[in-house]
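One structure is given here, and the rest of the page talks about it.
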DNA sequence: ACCTGAACACCGTTCAAGT
DNA sequence: ACCTGAACACCGTTCAAGT
């Protein structure tokens, strides 16, 4: 049941997961699903939990603390990109913490190895993960779903103001999120984690 | 009509904005709304556009480029916090660019004043705004809507793993987002904007 | 214990019809 | 030009009833 739901989400996206759709897929009535898992929220939580178990906690790489912390942050990012559908589902239903908790813990452990524990560790972890979340929001957003005049590119084209034309051209073009991720997240990591000289 | 919709969103939140609800508020049928603005997406865009016009572009403060860029970024953050309901509505409907475009332009202008134009300007702008977006996502999320066992705090309490108890305690407590915003966003700003020595 | 049928209270949207 | 009534195609959820 949860297996079928997970497969449905991965094949047709988060918006395909409705009680009626899943019921049809399982050849039962919607009420049967309610009897088994009890409501859409619980179903989503179960799907996300299942996916979290599937996520192999790949080993953190790097020779220095700052490299290892950065790599742990990168795991959150890459894992989300590799599982767009379930990640989006988790985001939309407030279950992202369930999905990423093991990866978050790996990050905290690296921060502790870097000497950051207690409030300092929590602060560093939250600052880094919030930054990562911003990039995930940008990367998982379905651009094709919004009409041009509502996109950033469309607005720059229509309403550049006093901005340099070369900058406007760059703003109308596509962003290279993976590159921006590296520099922005690294900047935040470096602010909290200083390698011993 | 758009005025009433905006008032409804501000008073009762984004989820209160349904065609039927707004129709009742206006003492008309839903079809009347369709005749006037043409669909929910267009309605939301109009609401957000109206709100964007209302947002006074307060002057950017600071003596150095990095201070002024930081202040422009802070305006995006503060403006969103002061208008939670409309900002959430814009986020959920892919119209956030419409709402924030004037503030984004102010940021780009400060970046140009700092010597960043063309691709460098666009990169810096995107990295900074994506980081800000992460904090907005965290700040606008309705914590009370998700049950504890799905929150980060609940997961740390239930499943701390090999993490230091003092760190776990800090992770269960509330985050001070405004403080974290300052340090994380400043770190990203500093990475792109270097003051002349 | 497990599943169904019928219903409730919602959504956004369309379209022919009225004035 | 402006508005209505009725309908379509969806949602999540509940509850009495069946086996």
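The values are calculated or read from the model by the stated rules, or taken from the named source; none is laboratory data. This is a predicted model, so every value here is computed, not measured. We place every Cβ from the backbone using ideal geometry, glycine too, and count neighbours over all the protein chains shown.
A few comments on the model shown:
- Among the residues of the range A:141-150, those identified as in a helix (DSSP H, G or I) and more than 7 Å from chain B (Cβ to nearest Cβ) are A:143, A:144, A:148, A:149.
- Yes/no for residue A:1 being more than 14 Å from chain B (Cβ to nearest Cβ), within 16 Å of DNA strand D (Cβ to nearest atom) and at pLDDT below 95: yes
- Helices (runs of 4 or more DSSP H) (entirely within the range B:1-41) containing at least 2 residues that are more than 9 Å from DNA strand C (Cβ to nearest atom), in contact (Cβ under 8 Å) with a residue 60 or more places away in the chain and closer than 20 Å to residue B:87 by Cα: B:2-12
- Being free of Cβ contacts under 8 Å to residues at least 24 places away in the same chain and more than 7 Å from chain B (Cβ to nearest Cβ) holds for only one residue in A:170, A:158, and it is A:158.
- From B:188, B:163, residue being modelled with pLDDT of 95 or more, within 8 Å of another protein chain (Cβ to nearest Cβ) and assigned to a loop (DSSP other than H, G, I, E, B): B:163
Quick grid of which residues meet (1) within 16 Å of DNA strand D (Cβ to nearest atom); (2) more than 16 Å from the chain's Cα centre (by Cα):
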| site | (1), (2) |
| --- | --- |
| A:5 | yes, yes |
| A:24 | yes, yes |
| A:64 | no, yes |
| A:69 | no, yes |
| A:72 | no, no |
| A:75 | no, no |
| A:80 | no, no |
| A:96 | no, no |
| A:112 | no, yes |
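- Any hit, the range A:30-51, residues being within 16 Å of DNA strand D (Cβ to nearest atom), under 19 Å from residue A:135 (Cα atoms) and either within 14 Å of chain B (Cβ to nearest Cβ) or modelled with pLDDT under 95 (or both): no
- Out of B:160, B:147, one residue alone is over 30 Å from residue B:75 (Cβ atoms) and surrounded by 16 or more Cβ atoms within 10 Å (Cβ to Cβ). It is B:160.
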